[in-house]
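Engineer: First the structure, then my questions, so here it is.
The values are calculated or read from the model by the stated rules, or taken from the named source; none is laboratory data. Everything quoted here is computed from the prediction, not taken from an experiment. Positions of Cβ are generated from backbone atoms using ideal geometry, with glycine treated the same way; all protein chains shown enter the neighbour counts. The accessibility values were calculated without ligands, DNA or RNA, using every heavy atom of the protein model including side chains. Shrake-Rupley method; radii C 1.70, N 1.55, O 1.52, S 1.80 Å.
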Amino acid sequence: MTLPTLVLAGSRDGAQDPLAHLGGVAHKALLPIVGTPMILRVLNTLRATPGLGPMAVSIENPDAIRPLIGDAMILPTAKGPSGSVAIALERLGAPLLVTTADHPLLRTEWIAQFLMEAEGKWDLAVAVANRTVIERDVPGTKRTYIRLRDLQFSGCNLFWLGTIKARRVVELWQKLERDRKKPWRMAATLGWGILLRAVTGRLTRDALYRRIEKLTGAKVLLIELSDGRAAVDVDKPSDLALVEKILTHS
């Protein structure tokens, strides 16, 4: 049995994205990383991982990447990544593995670890790396961390949508994306108590899981990967320099 896999490659700014402009390419996904387009590195890793396929790429400008993606299906983007995931769920169903085109360090062993802990057990799982692990494996890097009472983490751009119940979590994600500049609406959705505990760092993983399950009916899990490099994607020029340094010396 093979697992359908989605690569999110959408870019709001296309060729005007700062990294695309820096690399002189038509789309951020084409940014060369040690001579190889970023999206091709991701696809090559996915194809080298046993059990994955068919592949799909969500992008607003298919012509920019078509020569690179082989037999991968092209899906349209929506406003925000959650909308693109919702489209993929409609087309490909669940289970579904999701990653992003700006994750050129992606390794088969990270995917294997993630799926081993997620498959058959959860409606939706998200790969994360503990701050201490990131600082151990990528000293000096600056990442964005989410602080829970029992975990400080950064995301690793790997998502497992295990059952159709994951659709309800994606719908919640879409609503929160729409309301991200309206905290009172986010609070109304999540609950003031949850939001207050999140802001003050008192929210635990278990409390977060229970609230999401109450809102969506889905069982969710944050899965900690053992390699801190899994949290390094390419969002800014310093990320590009870091990723090229890692790949050059690995």
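Engineer: If Trp173 satisfies all but one of (1) at pLDDT below 95; (2) more than 21 Å from the chain's Cα centre (by Cα), what's the number of the condition it fails?
Structural biologist: (2)
Engineer: Going through the range 76-112 one residue at a time, which ones are over 19 Å from Ile164 (Cα atoms), touching a strand residue (DSSP E or B) at 6+ places or on another chain (Cβ under 8 Å) and at pLDDT 95 or above? Lay out the reasoning, then the answer.
Structural biologist: Of the range 76-112, the ones over 19 Å from Ile164 (Cα atoms) are 76-80, 100-112.
Retained after the next criterion (residues that are touching a strand residue (DSSP E or B) at 6+ places or on another chain (Cβ under 8 Å)): 76-77, 100-104, 106, 110-111.
Once the filter is applied, which keeps residues that are over 19 Å from Ile164 (Cα atoms), touching a strand residue (DSSP E or B) at 6+ places or on another chain (Cβ under 8 Å) and at pLDDT 95 or above, the range 76-112 yields Thr100, Ala101, Asp102, His103, Pro104, Leu106, Trp110, Ile111.
Engineer: Just need a number here: residues in the range 54-63 that are open to solvent by 10 Å² or more (accessible area, probe 1.4 Å), in contact (Cβ under 8 Å) with a residue 40 or more places away in the chain and in contact with a strand residue (DSSP E or B) (Cβ under 8 Å, 6 or more places away or on another chain).
Structural biologist: Looking only at the range 54-63, we keep the residues that are open to solvent by 10 Å² or more (accessible area, probe 1.4 Å), and these are 54-55, 60-63.
After this cut, where a residue has to be in contact (Cβ under 8 Å) with a residue 40 or more places away in the chain as well, the list is 54-55, 60-61.
So of that shortlist, the ones also in contact with a strand residue (DSSP E or B) (Cβ under 8 Å, 6 or more places away or on another chain) come out as 54-55.
Result for the range 54-63: 2.
Engineer: Between Ala20, Ala29, Ala9, which is under 14 Å from Leu105 (Cα atoms), open to solvent by less than 30 Å² (accessible area, probe 1.4 Å) and either at pLDDT below 90 or of a type outside the set (Lys, Arg) (or both)?
Structural biologist: Details: Ala20 fails: under 14 Å from Leu105 (Cα atoms); Ala9 fails: under 14 Å from Leu105 (Cα atoms).
Residue meeting the stated conditions: Ala29.
Engineer: Within the range 168-176, is even one residue surrounded by fewer than 18 Cβ atoms within 10 Å (Cβ to Cβ) and over 20 Å from Leu8 (Cβ atoms)?
Structural biologist: Residues of the range 168-176 that are surrounded by fewer than 18 Cβ atoms within 10 Å (Cβ to Cβ), as a first pass: 168, 171-172, 175-176.
Narrowing further to those that are over 20 Å from Leu8 (Cβ atoms): none.
Within the range 168-176 (the criterion being surrounded by fewer than 18 Cβ atoms within 10 Å (Cβ to Cβ) and over 20 Å from Leu8 (Cβ atoms)), the answer is no, since none of the residues qualifies.
Engineer: What number of residues in the range 197-224 are aliphatic (A, V, I, L, M), touching a helix residue (DSSP H, G or I) at 6+ places or on another chain (Cβ under 8 Å) and surrounded by fewer than 16 Cβ atoms within 10 Å (Cβ to Cβ)?
Structural biologist: Residues in the range 197-224 being aliphatic (A, V, I, L, M), touching a helix residue (DSSP H, G or I) at 6+ places or on another chain (Cβ under 8 Å) and surrounded by fewer than 16 Cβ atoms within 10 Å (Cβ to Cβ): 0 in total.
Engineer: While we're here: Kindly establish whether Ser238 is exposed (fewer than 13 other Cβ atoms within 10 Å of the Cβ) and more than 19 Å from the chain's Cα centre (by Cα). Break it down into steps so the answer makes sense when it comes.
Structural biologist: On the way: exposed (fewer than 13 other Cβ atoms within 10 Å of the Cβ): yes; more than 19 Å from the chain's Cα centre (by Cα): yes.
Yes.
Engineer: Scan the range 114-157 for residues that are assigned to a loop (DSSP other than H, G, I, E, B), at positive phi and either among the β-branched types (Val, Ile, Thr) or in contact (Cβ under 8 Å) with a residue 24 or more places away in the chain (or both) and jot them down. Spell out how you get there, then give the answer.
Structural biologist: Of all residues in the range 114-157, those assigned to a loop (DSSP other than H, G, I, E, B) come to 119-123, 138-145, 149-150.
Pick out the ones that are also at positive phi and you get 120, 140.
The one that is assigned to a loop (DSSP other than H, G, I, E, B), at positive phi and either among the β-branched types (Val, Ile, Thr) or in contact (Cβ under 8 Å) with a residue 24 or more places away in the chain (or both): Gly120.
Engineer: How about the range 64-111: which of its residues are among the basic types (Lys, Arg) and within 15 Å of the chain's Cα centre (by Cα)? Full working, then the answer.
Structural biologist: Let us first name the residues in the range 64-111 that are among the basic types (Lys, Arg), namely 66, 79, 91, 107.
Scanning the range 64-111 gives a single hit, Arg107.
Engineer: Another one. Return the residue satisfying two criteria in turn: it lies in the range 125-151 and is over 12 Å from Ile223 (Cβ atoms) and in contact with a strand residue (DSSP E or B) (Cβ under 7 Å, 6 or more places away or on another chain), and of such residues it is surrounded by the most Cβ atoms within 10 Å (Cβ to Cβ).
Structural biologist: Kept after step one, since they are over 12 Å from Ile223 (Cβ atoms), are these residues of the range 125-151: 131-150.
Still in the list and also in contact with a strand residue (DSSP E or B) (Cβ under 7 Å, 6 or more places away or on another chain): 131, 134, 143-146.
Numbers: Arg131: 18, Ile134: 25, Arg143: 18, Thr144: 8, Tyr145: 17, Ile146: 15.
Among those that are over 12 Å from Ile223 (Cβ atoms) and in contact with a strand residue (DSSP E or B) (Cβ under 7 Å, 6 or more places away or on another chain), it is Ile134.
Engineer: Could you check the range 33-50 and list, in sequence order, the residues that are more than 13 Å from Ala101 (Cβ to Cβ) and open to solvent by 40 Å² or more (accessible area, probe 1.4 Å)?
Structural biologist: Across the range 33-50, the qualifying residues are Val34, Gly35, Arg47, Ala48, Pro50.
Engineer: Exactly one condition in (1) more than 18 Å from Arg147 (Cα to Cα); (2) surrounded by 18 or more Cβ atoms within 10 Å (Cβ to Cβ) is not met by Val232; state its number.
Structural biologist: (1)
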